[in-house]
Amino acid sequence: MRLFDPQHAPAATLSSELRDHPEWHLSRERYWLWSIPVQCPAVLQRLQAARELLGDWLHPPGPRQAHITLFVCGFATPSPVLNDDIATPLLEAQRDALASLQLAPFELHIGGLDSFASAAFLDVQNSGPLDQLRQALAQLSPEVRQTDYLPHLTLGLYRQAIDLSHWRRRAEPLRHCPALPLPVRELQLLSYATSEPQGALRVETRVVLG
């Protein structure tokens, strides 16, 4: 649910505690996802402006690189046991499936500020061939996901609960922004240490477009 949704917005943001969550990872060390890197200076400038606007409502972003999640894979393991595990050979098969599409580079369009209850984000207004990419990945392994996919560029997680009306007043200056083009020239398979919720992302492999 988005905070600027006129009908289904939550009453307030949800605070997140940035800590190790052993009850989630169960001693599994790295979590894997496919993503789109965000390195466009204009988009990064808007990302920073939105973080400054929301200020200390957000946890500091830490070393995590800006990215748009394409597909959540889960915990890579040679022998999957749990429903959020993925067999290591399937990650290689997913890479081959993406490469076989032979997609040309494309553009996404980054819009204004919005938010889920737990995390603020910039809207992705044009999803381009993302559905095609996600279908190619899902044919090999189900995605680890509890809600419908909505492409977005995350700003950060909330450190406190903010009333909806208060949030909307502060966020309004960046709600309607001209779309910024984001060139997409490659896809990246990333992983991160599960003990570091905001830790750096490690590039495991790339699929270069075109």
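The values are calculated or read from the model by the stated rules, or taken from the named source; none is laboratory data. All values reported here derive from a predicted model rather than from experimental measurement. Cβ atoms come from the backbone with ideal geometry, glycine included; neighbour counts cover every protein chain shown. Areas reflect the complete protein model, heavy atoms only, side chains present, ligands, DNA and RNA absent. Shrake-Rupley method; radii C 1.70, N 1.55, O 1.52, S 1.80 Å.
For the reader, a short list of remarks on this structure follows.
- Scanning residues 5 or more positions from L101 or on other chains, none has an amide H under 5 Å from its amide H, with H placed 1.01 Å from N in the peptide plane.
- Separation between Cα centres of the stretch 152-209 and the stretch 1-32, rounded to whole Å: 13
- Packing order of peptides 10-19, 127-136, highest average first: 127-136, 10-19 (average count of other Cβ atoms within 10 Å over each peptide's residues).
- Rounded to 5, percent antiparallel among DSSP beta bridges of the stretch 41-148: 60
- Computed helical MRE - 222 nm, the chain, DSSP H runs ≥ 4 contributing -39500 (n - 2.57), nearest 500: -6500 deg cm²/dmol
- The string of couplings for the stretch 194-204 from the Karplus curve (6.51, -1.76, 1.60, θ = phi - 60°) is 5, 7, 10, x, 10, x, 5, 8, 9, 7, 8 Hz, one whole number per residue in order, with x for Gly and Pro.
- Carbon plus sulfur fraction of accessible area for the chain, probe 1.4 Å, in percent: 52
- Working ranking of peptides 189-197, 159-167 by packing, defined as the average number of other Cβ atoms within 10 Å per residue, highest first, is 189-197, 159-167.
- Using the 1.4 Å probe convention, the accessible area of the stretch 87-210 works out to 49 Å² per residue with neighbouring protein chains retained.
- Rounded to 5, percent antiparallel among DSSP beta bridges of the stretch 25-100: 65
- Heavy-atom accessible area for D56, with the other protein chains in place and a 1.4 Å probe, reaches approximately 100 Å².
- Our summary gives the chain a relative contact order of 36 percent, counting only alpha carbon pairs under 8 angstrom and 6 or more residues apart.
- Residues whose placed amide H lies under 5 Å from that of S16, excluding near-sequence neighbours: Y158, R159, Q160
- Dipole moment magnitude, nearest 20 debye, the stretch 32-109 about Cα centre, only Lys, Arg, Asp, Glu C-beta charged: 200
- Diffusion constant of the chain at 20 °C, which comes from Stokes-Einstein with the Kirkwood Cα-pair radius and 1.002 mPa s, µm²/s: 119
- Spread over its residues, the convex hull of the C-alpha atoms of the stretch 140-210 is 183 Å³ per residue.
- Cα coordinate range in the stretch 104-143, projected on the principal axes (Å, largest first): 32, 26, 10
- Based on the convex hull around the alpha carbon atoms, the stretch 104-174 presents an average projected area of 6.2 nm².
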